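Have a look at the structure below, then the notes.
The values are calculated or read from the model by the stated rules, or taken from the named source; none is laboratory data. On a predicted model such as this, the values are computed, not experimentally measured, just so you know. Glycine also receives a Cβ, built like all others from the backbone with ideal geometry; neighbour counts cover every protein chain displayed. Surface accessibility is based on the protein's heavy atoms, side chains included, excluding ligands, DNA and RNA. Shrake-Rupley method; radii C 1.70, N 1.55, O 1.52, S 1.80 Å.
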Amino acid sequence: MNILLLGGGGREHALAWKLRQSPLVKSLVVAPGNPGIAALGECVPLDITNAAAVVTLAKERSAHLVVVGPEAPLVAGVADALRAAGFDVFGPDAAGARIEGSKAFAKEIMQAANVPTARFELFSDIEAAAARALAWGPVVVKADGLAAGKGVVVATSGQEAAEACRALGALPSGQTILLEEVLTGPELSVMALCDGERFALLAPSQDHKRVFDGDRGPNTGGMGAYAPANFLNPEQLDEVGRTVIAPTLAELRRRGISFRGTLYAGLMLTPAGHRVLEFNARLGDPETQVLMMQLDTDLVPVLQACARGALTNTTLPQRAGFSVGIVLAAEGYPEAPRTGDAIELPTSQPAGTQLFHAGTKLSGDQLVSAGGRVITACASGATLLEARARATALAETITWQGRHFRKDIAAGAPP
Ligand code: AMP
Ligand code: GLY
């Protein structure tokens, strides 16, 4: 079959790598792709939030399945347009993607579906939010809309929270402000591949969002991840499926939304049990990079079944052992990443390791940095320690001026 994959980051490189291993795939076209993906399929430069342009490409390439990587095309209604044109699509319609695009909508769904989440209040008036925040004291302040990771402030005092309300209220995504109770505990990502009704869970994974070792510095898109993150035993993971994923899909269905794509639950494991911090409507990045290394089954039939609303096999076999991914970032990331530096790659790569490109491009024959998160060094191993040592050794062999990466990815993982 012919597959069209949308996106050009590390997540899409990992997906392309996994999809390419399927004997079912005849052609793989990726828009826009990146230089790493170009070794696996044809890359087509395209504005993937332009629904008409994506539909035209899908028709030109006779796509049997379109897989949407990032949230922007989902929120822009690209999956709706593709479905209307008769294509099988892995990725929810815009109405479903609102669960990521609007935190207020996500909370409304969770409340209606009785999904465990933090207590919250919603405000459309910034000053009313600030006044309430001042009284609340330590509180989490969130902008309703997509804010590229900059829409959440965990305030330690009422004063700080009130200031955060005004700062977030000034963002385009801050028309509505949420105040939320501060929860504590380890954070975990649980992703479900959904067909609108049924779902299959990927292994739990953990991301490292702060830029520096020891969880210091500003938040980023993610500096590294590992899987499985064994904070939950198999019964507890099933319970997350039962208490979070299933009721959410059911509530969306009640509202006429058949969610066919990834429902990503960002969880906090509090002393009182798991709570949903956020939903995403797509696979996580960098989590997907390690999840694809762990997945021990052909991904193509699974995504196709989800796209068609016909998922029958709801268990995804996993490899034994662990995978660790370390993001190599550009100097100045996340505030002002420096780009255009020549990247040196190792001439050979040890078995069980993978490099996934994100912000790279070719300048003539030379690979150069072209974004904040540039490349991920991933490795598998029988133990987390082994996977981590291999990924770190691989990361050391990739150099450019000012590149940096965390040395403590998966260091705090449960055994
Ligand atoms: P979100 O985009 O909602 O996942 O929030 C981004 C980050 O803010 C999360 O990964 C948490 O580290 C933190 N956070 C969000 N909500 C809460 C909460 N209710 N209590 C404590 N930390 C939170
Ligand atoms: N790594 C976090 C995310 O993809 O949202």
So Ala53 and Ser157, fully extended at 0.36 nm per residue minus their Cα-Cα distance, gain in nm 32.6 nm
In Å³ per residue, the alpha-carbon convex hull of the range 154-199 encloses 140
Mean separation of Cα contacts under 8 Å (at least 6 apart) over the residue count of the chain, i.e. the relative contact order in percent, is 16
Full extension between Ala389 and Lys26 adds, at 0.36 nm per residue less the Cα distance, a length in nm of 127.1 nm
Computed over the Cα atoms of the range 231-334, the Rg and Dmax in Å are 15.8, 47
Only helices counted: for the chain, with every DSSP H run of 4 or more residues adding -39500 (n - 2.57) and the sum spread over all residues, [θ] at 222 nm is -8500 deg cm²/dmol
Of Val153, Val276, Val66, the most mobile residue in a GNM of the chain (C-alpha springs, cutoff 10 Å) is Val153
Taking alpha-carbon centroids only, the range 100-136 lies from the range 270-336 a number of Å equal to 27
Low-density loop GluC sites (Glu not before Pro), the range 302-385, at most 13 other Cβ within 10 Å, DSSP non-H/G/I/E/B, are Glu335
Links exceeding 24 Å between C-alpha atoms in this model, out of Lys142/Lys361; Lys150/Lys361; Lys26/Lys361; Lys103/Lys407; Lys107/Lys209, come to Lys142/Lys361; Lys150/Lys361; Lys26/Lys361; Lys103/Lys407
One finds, for Ser124 and Gln318 with R0 = 45 angstrom and r their Cβ-Cβ distance, a FRET efficiency to the nearest 0.05 of 0.55
Note, the range 200-209: 3J(HN,Hα) by Karplus (6.51, -1.76, 1.60, θ = phi - 60°), whole Hz, Gly/Pro = x, goes 10, 8, 7, 4, x, 9, 9, 9, 10, 8
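Rounded, prolate or oblate, given the Cα gyration tensor of the range 69-209, with a/c below 1.5 counting as rounded?
On the way: a/c = 2.34, a/b = 1.70, b/c = 1.38.
Judged from the Cα gyration tensor, the range 69-209 comes out prolate (a/c at least 1.5, a/b above b/c).
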Here the relative contact order (percent) of the range 55-116, from C-alpha pairs under 8 Å and at least 6 apart, is 28
P(r) over all Cα-Cα pairs of the chain, 10 Å bins from 0 to the longest distance, whole percent per bin, short to long, reads 5, 22, 33, 28, 11, 1, 0
So, relative contact order of the range 148-260 in percent, Cα under 8 Å, 6 or more apart, is 22
Counting only DSSP loop positions in the range 1-110, the trypsin sites (Lys or Arg not before Pro) whose Cβ has at most 11 other Cβ atoms within 10 Å are Lys26
Note to self: with every protein chain in place and a 1.4 Å probe, the chain gives an accessible area per residue in Å² of 39
Zone reached by a paramagnetic label modelled 7 Å from Lys150 Cα along Cα→Cβ, restricted to the range 91-120 with backbone N below 11 Å, covers none
